[in-house]
Amino acid sequence: MDKVVVGAAIVDGGGRLLAAQRADPPELAGGWEFPGGKVDPGEDDRTALIRECQEELGVMVEAGEQVGGDWPLADGYVLRVWLAEIVEGEPEAKEHLDLRWLARHELYDVPWLPADLPIVRAVQGQLDGG
Ligand code: CDP
């Protein structure tokens, strides 16, 4: 079975990207990531993405284009990321230490987790180039 983690590159109307600071485990705590999490057995990727954004941020999102394909994670997991927008609610850090909306010139102002950093570059390219 695929070991899939899904992540949301949530962009607001002003083109800012939502980054979330991990609270755990200790070796990842403090690092910044795309909100998301593991796909449950039998669950569709996009359904998992919507569920995780509800659980972690308390918002309803709509997923758009995928950002790249399978991005490697540790332990044989892959990360799949979609551009997304909030259609209901204001994001709250329910499971994260903090949240930040990053403007284009602030995209690298937070220490992204190593796995997520190349995806930030891909998001930037996708927003620039379409
Ligand atoms: O909450 P859940 O157990 O579903 O998943 P998670 O703990 O958020 O994600 C599982 C693993 O994927 C984490 O331990 C992170 O190493 C990694 N991950 C990541 O590198 N970047 C993300 N945007 C999300 C998860």
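The values are calculated or read from the model by the stated rules, or taken from the named source; none is laboratory data. Remember, it's a predicted structure, so these values are computed and weren't measured experimentally. All Cβ positions, glycine included, derive from the backbone under ideal geometry; neighbour counts span all protein chains shown.
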- Query: Looking at (1) within 10 Å of the ligand (Cβ to nearest atom); (2) surrounded by fewer than 21 Cβ atoms within 10 Å (Cβ to Cβ); (3) under 18 Å from Leu107 (Cβ atoms), which is the one condition that is false for Gly37?
  - Reply: (3)
- Scope region 23-37; condition closer than 18 Å to Val123 by Cβ and in a loop (DSSP other than H, G, I, E, B); matching residues: Gly31, Phe34, Pro35
- Tell me which residues, restricted to region 93-109, are within 14 Å of the chain's Cα centre (by Cα), part of a loop (DSSP other than H, G, I, E, B) and under 22 Å from Arg51 (Cβ atoms). Ala93, Glu95, His96
- Give Ala63, Ala19, Ala9 a once-over and let me know the one that is within 13 Å of the ligand (Cβ to nearest atom), in contact with a strand residue (DSSP E or B) (Cβ under 6 Å, 6 or more places away or on another chain) and either at pLDDT below 95 or closer than 20 Å to Gly129 by Cα (or both). Ala9
- Considering Glu106, Glu56, which residue is within 13 Å of the ligand (Cβ to nearest atom), under 23 Å from Leu28 (Cα atoms) and charged (D, E, K, R)? Glu56
- Task: Go through region 21-45 residue by residue and tally those that are closer than 16 Å to Met60 by Cα and touching a residue at least 40 places away in the same chain (Cβ under 8 Å).
- Result: 4
- Selection within region 83-97 - within 12 Å of the ligand (Cβ to nearest atom) and either surrounded by 19 or more Cβ atoms within 10 Å (Cβ to Cβ) or under 17 Å from Gly13 (Cβ atoms) (or both): His96
- Looking only at residues in region 110-130 that are part of a helix (DSSP H, G or I) and of a type in the set (A, V, I, L, M, F, W, C), which one is farthest from Val5 (Cα to Cα)? Leu127
- Task: With respect to Asp70, determine if the residue is assigned to a strand (DSSP E or B), at pLDDT 95 or above, more than 11 Å from the ligand (Cβ to nearest atom) and surrounded by fewer than 16 Cβ atoms within 10 Å (Cβ to Cβ).
- Result: yes
- Message: Just to verify a result, which residue in region 47-60, among those that are assigned to a helix (DSSP H, G or I) and free of Cβ contacts under 8 Å to residues at least 40 places away in the same chain, is surrounded by the most Cβ atoms within 10 Å (Cβ to Cβ)?
- Response: Ile50
